[in-house]
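Please read the structure below before turning to the comments.
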Amino acid sequence: MDIPSTRPAVGTNSTGRPDPVQYREAVRTELPRAQRVTQPPSNSAGSALDDRRPGDAAARDDRVLADRRARMERIADTIRESLQRRIEKDEAAGLLVYRTVDKETGEVVRQYPDEMVLKLRAYAREMARKEENEASDTRRVERVA
């Protein structure tokens, strides 16, 4: 049974484009040689960036960029000064905890590992201790008997 398909058969070479159709209303797109547009010759190979911006505009853009960078650096410095990094040991979990704390409010901004991971680790350690204690209790009973 043959099923018609719009897809080309496997193994056939298809360019994916239909042949151009000739229209009666088509307009000629070739320009005469005198009217063709060409790229102006460049003065030097390394001045590609300077061609886009004239001297005063380039200097102004560079100043604006430098001002923005300086402003961003001041903001970053302010943020760094207001934060404090702490490394503490969580005894219940038995892990080192890296915290970034806001000096003014004392609020934890970032912490690694997460609080949930610390709780899970502490729970797992406690369960292992209980299991170990129960195992040692049964050994004592066996030794006595």
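Since every read-out is calculated from the coordinates, none of them should be taken as a lab result. Everything quoted here is computed from the prediction, not taken from an experiment. Glycine gets a Cβ as well: all are built from the backbone with ideal geometry, and neighbour counts include every protein chain shown.
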| task | Excluding residues on the same chain fewer than 8 positions from residue 119, give the lysines whose Cα lies under 23 Å from its Cα. | result | 89, 130
| query | Counting other C-beta atoms within 10 Å, which of 78, 100 has the fewest, and how do the rest follow? | reply | 78, 100
